[in-house]
Amino acid sequence: MVSQQHVNSFIRPLFSGLAGLFLLMSPARGAKDCPEAQPFDKVLSRVVGTLISSQHYTRRPLNDHISQQWFDEYFAALDREKRFFLAADIEEFQAYRKSLDNHVYAGNLDFAFNVYDRYLQRVRERVAYARQRLQEPFDFTVDEELALDREDAPWAATTAELDEIWRKQLKNRVLVFTLVEEAAEKEAAEEAEKARENPPPSGEENTAENTAQPPLSPFVKKTPVERVLNNQELFLSYVEENESIDVLEIYLSSLTRVYDPHSSYMAPMTEEDFDINMKLSLEGIGAMLTTEDGYVKITDVIEGGPAGRDGRLKAGDRIVAVAQEGGEAVDVVDMPLRKVVRQIRGEKGSTVFLSVIEAGKSLASVPTTIDIVRDEVALTEKGAKSDILTVDVPPEDTGRPGIPAQVTVQVIKLPTFYSDFEAKRKGEKDYRSAARDVRKLLEDGKEKGVSGVILDLRSNGGGSLEEAIELAGLFFSSGPVVQVKGAGSQREIHRDNDKDIVYSGPLAVLVNRMSASASEIVAAAIQDHHRGVIIGDASTHGKGTVQTVYDLQRLFSRDPTFRNEKTGSLKFTIAKFYRVNGESTQLRGVIPDIRFPAFTDHMDIGEADLEHALRWDTTQALDITPDIDITPYFPELDRRVKERVSKDPEFVKYQEGVAHYGELRARKTIPLNIDTRRRLQEEEKEWIDQIRSQTYGEVLDDEGGEDDKDAPDIVLDESVNIIRDLIALQQKDQLIAAPKN
């Protein structure tokens, strides 16, 4: 964490000049449609500029080079897909490109608010065009294409060029909603047919329960054209409702993102919703949200929460509309995250309808409607879970006396590195924590005589660093787990100081592209200690940075001029993680020892896909003496895997599905011909459903209850084969090394 004293040493010199600046500024606000910079906005911008440049991990000075990137990032933040501004608008503001650093230190926000004023003008023009164009029907029999991504396209040179871009985009949205309407009608017809084929038992035909009709989805109450126009009007209202602090937040967050994608300025309302969003793991639908290119994206679905129990909402899904029970759908594309969160939140027991584009599908796909009953998340349901499987040993390994025909494998699924910090602080003996829970499961497995363990960290987005260090130490004796390095500071080495090894047998760690932060620390430590085999996607997520949230109110609380101002917070990166071997986990993540193709290989969801991500680098490696070295077995394990999957029809089908999905993702355009679009979406649905069913399957029982394996989990099944092979190979070596009688 950054100390208050350290921050004050950089900020204190500002206040002598800022107070006078504040008093000289007129607090009066004009009657313009566009908000104007308020006096304290100018003070606050200067403080944020000073803080981010002096306290961020990189310590990059706020200079002309940063100014140029900030210029581009601000326009991108307002119009990333280049749908509103014209090339002439960008050219008009070019004089500011290298001077934003000077302006922020002077408390000058003219650029920020003048650009926003022009943005508001362009949005109104585009909505006016939409109103006019949507009065005319579209011809969906014409063969034409829409570009899927305009982020790297040039700015439109003329209004006529922008009109053509908008014509196709409006046509596409009407087409999407037309297909949504078709899908809803088809689903209703299928449900009616099922009801006719399976009538209720005699005597129950007229009960209220059997005659009640399911509520009509809120996403089909308007015609496709009405929905598209309504969405445009709503977006305009969001833009017009923004106050000066909202504009300032967009502007200053554009600056912080130049330093790295995880740094941001959070205005007071966003700060409040940030806290609420963090609590969505405990209430609401049980999902973590972020924004990406104007879309609200699911980053994590909490096991045991409403969405987790429902099972349809997945990490990577994008929410495009939200509706309340009995209400109409509200389009949330380009809506600020805090407003989306408020749409999703609600009273326990109420229903929220989410229209989502499933992870992996193109942004032009037909959304799926998911209804979720809001509830609280039972913390006991999101903890570590275990299942013990009995698997056959192949004949090639059972020909030697002493090798059993079957072995038992314990699979431990850990969704997050959690800890009940409050209970721990109070000294409660049995507080919940990831490391403690996994320890108990391992001890239970030992009592049951398990021969091998798989630690499943797939889609584990991280959590407590302390828990990660303690958990890694369950598998080896004392030694380093991770290094943390701040800007210009010496390394801080985090060690497992407990010499006790809870489990010393064959070990595998299963990861995927969504395994991040603390998950990567554990996987890297196991790999660097040569303790287990890492299995998974091409790499883990690659987030090797540490952030802190600094409450800006602390800087102004003692000053009579500023103490009543609501300041918000600054979130910024202060350190990086490094492995035992000295390599950063940033960008590259952890490369598994045995890798399988995955649909995430073709998705832009890793740290390396984020603009302005910090670079990968190294620090000094640490000396270790592994307790157990299983790396000599890797070549044979890899040989067996390749031989096995090449003969497995289901795995071959899975690999073909992933390859075909890569071809779908490579598309740069989408057809606007309705028949072509129907065929494309049917093909896409077939392949995506296959990939999702094989990737997200579960094998874990609910504490001894019925097996909830709704779908095959090919990667986990093959991981069980790998750990089985490792068990047999180690047992063979132990028999060979055993003394002869």
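The values are calculated or read from the model by the stated rules, or taken from the named source; none is laboratory data. If you're wondering where the values come from, they're calculated on a predicted model, not measured in any experiment. Glycine also receives a Cβ, built like all others from the backbone with ideal geometry; neighbour counts cover every protein chain displayed. These accessible areas exclude ligands, DNA and RNA; they are computed on the full protein's heavy atoms, side chains included. Shrake-Rupley method; radii C 1.70, N 1.55, O 1.52, S 1.80 Å.
Tell me, which residue of the range 140-182 that is over 20 Å from Asn673 (Cα atoms) and charged (D, E, K, R) is modelled with the highest pLDDT? Steps first, answer last, please.
Just the residues of the range 140-182 that are over 20 Å from Asn673 (Cα atoms), to begin with: 150-162.
With charged (D, E, K, R) added as a condition, the list becomes 150-152, 161.
Details: Arg150: 91, Glu151: 89, Asp152: 91, Glu161: 97.
By that ranking, first place goes to Glu161.
Taking Gly542 as the residue in question, decide whether it is in contact with a Ser or Thr (Cβ under 9 Å, 6 or more places away or on another chain) and more than 22 Å from Ala523 (Cα to Cα). So that I can check it myself, show each step before the final result.
On the way: in contact with a Ser or Thr (Cβ under 9 Å, 6 or more places away or on another chain): yes; more than 22 Å from Ala523 (Cα to Cα): no.
No: the conditions fail for Gly542.
So is Asp456 at negative phi, modelled with pLDDT of 95 or more and open to solvent by less than 30 Å² (accessible area, probe 1.4 Å) or not? Please lay out each step first, then the result.
On the way: at negative phi: yes; modelled with pLDDT of 95 or more: yes; open to solvent by less than 30 Å² (accessible area, probe 1.4 Å): yes.
Answer is yes for this residue.
State yes or no: is Gly532 open to solvent by 10 Å² or more (accessible area, probe 1.4 Å) and over 25 Å from Ser264 (Cα atoms)? Full working, then the answer.
Working: open to solvent by 10 Å² or more (accessible area, probe 1.4 Å): no; over 25 Å from Ser264 (Cα atoms): yes.
When the stated conditions are applied, Gly532 does not pass them.
Counting only residues that are in contact with a His (Cβ under 8 Å, 6 or more places away or on another chain), give me the strands (runs of 3 or more DSSP E) lying completely in the range 424-522 with at least 1 of them. Spell out how you get there, then give the answer.
On the way: elements: 452-456, 479-486, 492-496, 507-511.
Counting at least 1 such residues, we get 479-486.
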message: For Thr618, only one of the following conditions fails: (1) more than 28 Å from the chain's Cα centre (by Cα); (2) of a type in the set (Val, Ile, Thr); (3) open to solvent by 30 Å² or more (accessible area, probe 1.4 Å). What is its number?
response: (1)
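Among residues belonging to the range 327-342 that are touching a strand residue (DSSP E or B) at 6+ places or on another chain (Cβ under 6 Å) and in a helix (DSSP H, G or I), point out the one that is farthest from Val174 (Cα to Cα). Working first, answer last.
At the first step, the residues of the range 327-342 found to be touching a strand residue (DSSP E or B) at 6+ places or on another chain (Cβ under 6 Å) are 329-333, 337, 340.
Now narrow it down to the ones that are in a helix (DSSP H, G or I): 337, 340.
Values: Leu337: 25, Val340: 23 Å.
Per the criteria, the residue is Leu337.
Go over the candidates Glu185, Glu204 one by one and state the one that is in a loop (DSSP other than H, G, I, E, B), modelled with pLDDT under 90, of a type in the set (Asp, Glu) and surrounded by fewer than 17 Cβ atoms within 10 Å (Cβ to Cβ). Please lay out each step first, then the result.
Values: Glu185 fails: in a loop (DSSP other than H, G, I, E, B).
Just a single option satisfies the conditions, and that option is Glu204.
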- prompt: What's the number of the condition Pro154 fails, among (1) within 26 Å of Asp604 (Cβ to Cβ); (2) over 29 Å from the mean Cα position of the chain (by Cα)?
  reply: (2)
Residue under evaluation Asp375, criteria (1) touching a Pro at 6+ places or on another chain (Cβ under 6 Å); (2) in a strand (DSSP E or B); (3) at pLDDT below 90, criterion not met: (2)
task: Collect the residues in the range 356-372 that are open to solvent by less than 30 Å² (accessible area, probe 1.4 Å) and within 18 Å of the chain's Cα centre (by Cα), keeping them in residue-number order.
output: Val356, Ile357, Ala359, Gly360, Lys361, Ser362
field: Leading residue by the ranking (nearest to Pro261 (Cα to Cα)) among those in the range 558-574 that are among the hydrophobic types (A, V, I, L, M, F, W, C) and open to solvent by less than 10 Å² (accessible area, probe 1.4 Å)
entry: Phe572
statement: Restricted to the range 116-150 and to residues being out of contact with any strand residue (DSSP E or B) (no Cβ under 9 Å at 6 or more places or on another chain) and of a type in the set (A, V, I, L, M), the residue nearest to Pro671 (Cα to Cα) is Val142
- line: Scanning the range 300-326 for residues that are of a type in the set (Val, Ile, Thr) and part of a strand (DSSP E or B), the one surrounded by the fewest Cβ atoms within 10 Å (Cβ to Cβ) turns out to be Val320
message: Tell me yes or no: at least one residue of the range 509-521 is touching an Asp or Glu at 6+ places or on another chain (Cβ under 8 Å), more than 30 Å from Asp317 (Cα to Cα), open to solvent by 20 Å² or more (accessible area, probe 1.4 Å) and not small (Gly, Ala, Ser).
response: no
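Looking at the range 638-655, which of its residues are out of contact with any Asp or Glu (no Cβ under 6 Å at 6 or more places or on another chain) and open to solvent by less than 30 Å² (accessible area, probe 1.4 Å)?
Step one: filter the range 638-655 for residues out of contact with any Asp or Glu (no Cβ under 6 Å at 6 or more places or on another chain), giving 638-639, 641-655.
Across the range 638-655, the qualifying residues are Val641, Val645, Phe651, Tyr654.
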statement: Within the range 327-355, the residues that are within 25 Å of Leu179 (Cβ to Cβ), surrounded by 18 or more Cβ atoms within 10 Å (Cβ to Cβ) and in contact (Cβ under 8 Å) with a residue 40 or more places away in the chain are Ala329, Val330, Asp331, Val333, Asp334, Met335, Val340, Ile344, Val352, Phe353, Leu354, Ser355
Residue that is nearest to Phe140 (Cα to Cα), among those in the range 658-681 that are part of a helix (DSSP H, G or I) and either at pLDDT 90 or above or of a type in the set (Asp, Glu) (or both): Ile674
message: Please count how many residues of the range 35-52 are aliphatic (A, V, I, L, M) and open to solvent by 10 Å² or more (accessible area, probe 1.4 Å).
response: 1
task: Please enumerate the residues belonging to the range 590-629 that are modelled with pLDDT of 95 or more and aliphatic (A, V, I, L, M).
output: Val590, Ile591, Ile594, Ala613, Leu614, Ala621, Leu622
